[in-house]
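Have a look at the structure below before the remarks.
Laboratory data are not the source of any read-out in this text; all were calculated from the coordinates shown. Source: prediction; values computed, not measured.
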Amino acid sequence: MRRILRFLPALMIVAIPVIACGVTADRLLPRIDAVLASDDGTAGVETAQPVDPAIHAFYVEPRRGIAVGDSLTATWESAGGPVELCLVQLLPAGGSERCFDGLAGTGSLGIRVDEKLGGPLAVRLEVAPGQPNAVAEAVEIGYQCDHSWFTEPEVVHCPETAVYITPAAAQPYEHGWLIWVDEPGRYIALTDSPVSEGGVEKRYLSAWDPLIPTRDTADSVTPPEELYAPVSGFGLIWRGDASGADGYRDLLGWATAPEFGYTARYQCDRSETPWQYCYVTHPEGWVVVLHPNGYWYPADTLRGES
């Protein structure tokens, strides 16, 4: 009996693994085999769904006042494919363009404007170019000119010259102002006389340096108390003592303060005809638009101080 008991624990130890191996073979291994047979390397990984091309944000700075040699910056955020950015001429017969392709979906790019692309321009952003579902958006940036406007232009032409930042003089009158700009040497009388009843457009007169005196009537002019008679160049044209200067005194009346100096900005558009707009800063800080028809009005916006 003792010999039987000695062998019994050994038999029990052997029996337990046999039972466990039977469970693994019958129940677990078929399941593992099934998983391995269907595994193509993506088990447990979510497959990304394709994203349609889209532009979420796109802007360009600056959008106006672009001149040869200036640079602009385009910034965008998009999805769904590679990005192409182009600087495009907006000409009726189709214009040239300069493109940068293979750009990231989100980014920023500086573009220098040169003389090869003139006229009206736009920056175009296209996502997934060449694909049937490509999307595009364009931002117009105005005319590319040889010079920049100092004020928002009222017409489509480019400025004829760079802005004149020039010594100037001004004097207020009962019915307007007299302004002189050293460059290009011009006298401008801004009158309060409206072109039409209730309209904002008012008549202006203009004369150019050098003035040609025809007489001197300064001694015959005596202003009323607390008013002033203009002197120097203002006096010559106001009295009608210079060639071609007529009607200033009748339209302006007497001066209400002495003449004073300031720094003005003056610029005209480049036109192939005498039809030319000009712009000058008023001594009070706003911009005067000089219409080619001989009337003036205040500009809506002032672009900058340079």
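Over region 204-269, calculate the relative contact order: mean separation of alpha carbon pairs under 8 Å at least 6 apart, over the residue count, as a percent. Don't skip to the answer; put the middle values down first.
Numbers: 61 pairs, mean separation 21.1, N = 66.
Answer for region 204-269 is 32 percent.
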Could you tell me how far the Cα centroid of region 202-233 sits from the Cα centroid of region 90-152, in Å?
52 Å
If amide H atoms are built 1.01 Å from N in the plane of the peptide, which residues on other chains or at least 5 residues away come under 5 Å of the amide H of Val287?
His282, Ala299
From the backbone phi of region 233-250, what are the Karplus-calculated ³J(HN,Hα) couplings (6.51 cos²θ - 1.76 cosθ + 1.60, θ = phi - 60°) in whole Hz, Gly and Pro given as x?
x, 4, x, 4, 6, 5, 7, x, 8, 10, 4, x, 9, 10, x, 5, 5, 5
For Cys145, what residues show an amide H to amide H distance below 5 Å, using hydrogens built from the backbone and excluding near sequence neighbours?
Ala67, Val68
